[in-house]
Amino acid sequence: MRLTDKEIKVVAFDADDTLWDCQSWFDDVERECGELLKPWATQEEVTKGLFATERGNMELLGYGTKAFTISLVENAVKMTHGEITGDIVLRLIELGKSLLRFPTNPLPEVKETLKRLYDDGRYRLVVFTKGELLDQESKLKRSGLAGFFEYMETVSNKGMDEYVALCEHLGVSPNEMVMVGNSFRSDIAPALAVGCFTIHIPYHVVWELEKSEEYPHEHLQKISAFSEILDILSVK
Ligand SMILES: [Mg+2]
C-alpha cells in the first residue's frame, strides 16, 4: 500500500535494530557473561537469571546500557552466591562499557534509503528512540547517519503519551506521521493506537522484553527490506 494519497509529513525512525544492529552485541555480552560464570551456573541459568533481574530493575533503572550493566553484575553475584571475585566484576563492567562503544554500522540499505528520502525533500526525517540520552546520541553520531535527520528524541519508554508528545512537538497530527521500527511493542502498537501510520521491519533477534503479540491493522505495513520504504512513500 502506498501512502502517497495520505498527508504524510514526518517519517520517524526507531534506532536500535532498525538503523543499526544492537541486540546481537548485547547477546554476545550475555554469552561471555555465561562463560565467566561457568563454574557456578549453566548458560541457560545465567540467561534466565539475567532476564529476571533486568525485569525486576526495569521500573527503577529503565532501558539502556547502564541498567543492563548493573543487572549483569547483580545477576552474577546472585548466580555465584556471593563467591564472584573482583576480577570478574571488573570484567563484567568492562563488557557493559563495551556496549557504549560498539560500531553502529548502518544495516543493509539504510544509508542509501535515507539519502534518497532526504534528497527527495518531501518528508521531515526524525529519530525516535528509547534508552539513555548520551548513549543514543553517541550511537547516532557513530553511525554517520545524523545528517539525514532534523531531530532526535530519546525517551525512557515509548508509549501512547510519548507518540502524542512527539507529534505535538513536531507540529503534526498523528495521521501525518509514519513510524518505522523493528519492535512491534514499542514502535508499532502505541503508534497505531494514537493514529500514526506504521512500517514494521522485524529484525532477526528480538530482546526478550520486547517480544509481543502482532496483529494486522489498516495503518500497518510489514516489510523485510529497508528500501521498501521508498516505494511506500513513492520516492524515486
Ligand atoms: Mg529497535
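Rounded to the nearest 20 debye, the dipole magnitude of the stretch 113-219 is 400 debye, with +1 charges on Lys and Arg beta carbons, -1 on Asp and Glu beta carbons, and the Cα centre as origin. The alpha-carbon of K6 sits under 19 angstrom from the alpha-carbons of these aspartates and glutamates, leaving out residues fewer than 8 places away in its chain: D120, E168, E176, E218, E228, D231. Evaluating 6.51 cos²θ - 1.76 cosθ + 1.60 at θ = phi - 60° for every residue in the stretch 140-145, the Karplus couplings come out as 5, 4, 5, 6, x, 9 Hz, glycine and proline recorded as x. Computed from point charges on the beta carbon alone (+1 for Lys and Arg, -1 for Asp and Glu), the dipole magnitude for the stretch 171-217 about its Cα centre is near 40 Debye. Across the chain, C-alpha contacts under 8 Å between residues 6 or more apart give a mean separation that, scaled by the residue count, equals a relative contact order of 27 percent. Positive-end ranking of Q23, L114, M160 along the dipole of the chain, with charges on Cβ about the Cα centre, is headed by L114.
Shape class of the stretch 128-209 from the alpha-carbon gyration tensor: oblate, with a/c at 1.5 or above and b/c at least as large as a/b.
Coupling constants for the stretch 8-17 follow from the phi torsions by the Karplus curve (6.51 cos²θ - 1.76 cosθ + 1.60, θ = phi - 60°), and in residue order they are 6, 10, 10, 10, 9, 10, 5, 9, 5, 6 Hz; glycine and proline get x. By the gyration tensor of its Cα atoms, with a ≥ b ≥ c the square roots of the eigenvalues, what is the shape of the chain: rounded for a/c under 1.5, prolate for a/b over b/c, or oblate? It is prolate, given that a/c is not under 1.5 and a/b is the larger ratio.
Cβ-to-Cβ counts within 10 Å put T65, T80 in ascending order as T80, T65, the fewest first.
Considering only G171, G62, G49, the Gaussian network model of the chain with Cα springs below 10 Å gives its largest mean-square fluctuation to G171. Have a look at W40, L134, M58 and report the one farthest towards the positive end of the charge dipole of the chain, computed about the Cα centre with Cβ charges (Lys/Arg +1, Asp/Glu -1). Among W40, L134, M58, the one farthest towards the positive end of the dipole of the chain is L134. Axis of helix 160-170 versus longest Cα principal axis of the chain: the two differ by about 50°, to the nearest ten degrees. According to the square roots a ≥ b ≥ c of the eigenvalues of the Cα gyration tensor, what is the shape class of the stretch 47-93, taking rounded for a/c under 1.5, prolate for a/b larger than b/c otherwise, and oblate for the remainder? Oblate, since a/c reaches 1.5 and b/c is not below a/b. Ordered by the count of other Cβ atoms within 10 Å of each Cβ, fewest first, W40, W20, W25 give W40, W25, W20.
Lysine pairs in the stretch 137-236 whose alpha-carbon atoms fall under 24 angstrom of each other, counting only those eight or more residues apart or on distinct chains, come to 7. Taken along the Cα-to-beta-carbon direction at a fixed 7 Å, the label points for H204 and K236 span 3.6 nm. Note on the stretch 1-145: with charges restricted to the Cβ of Lys and Arg (+1) and Asp and Glu (-1), its dipole about the Cα centre is near 580 debye. The trypsin sites (Lys or Arg not before Pro) of the stretch 74-163 that DSSP puts in a loop, and whose beta carbon has at most 13 other beta carbons within 10 Å, are R101, R122. Each stretch of four or more DSSP H residues adds -39500 (n - 2.57); spread over every residue of the chain, this sum gives -13500 deg cm²/dmol at 222 nm.
Helix 110-120 and the longest principal axis of the C-alpha atoms of the chain enclose an angle of approximately 30°.
Annotation: amide H of C22 within the under-5 Å range of D17, sequence separation 5 or more or interchain, hydrogens built in the peptide plane. For the chain, a Gaussian network of Cα nodes joined below 10 Å ranks L140, L220, L170 by mean-square fluctuation, and the top entry is L170.
Coordinate-derived values only; no laboratory data. Please read all numbers here as calculations on a predicted model, not as lab measurements. Neighbour counts are summed over all protein chains in view; Cβ atoms, including those assigned to glycine, are modelled from backbone coordinates with ideal geometry.
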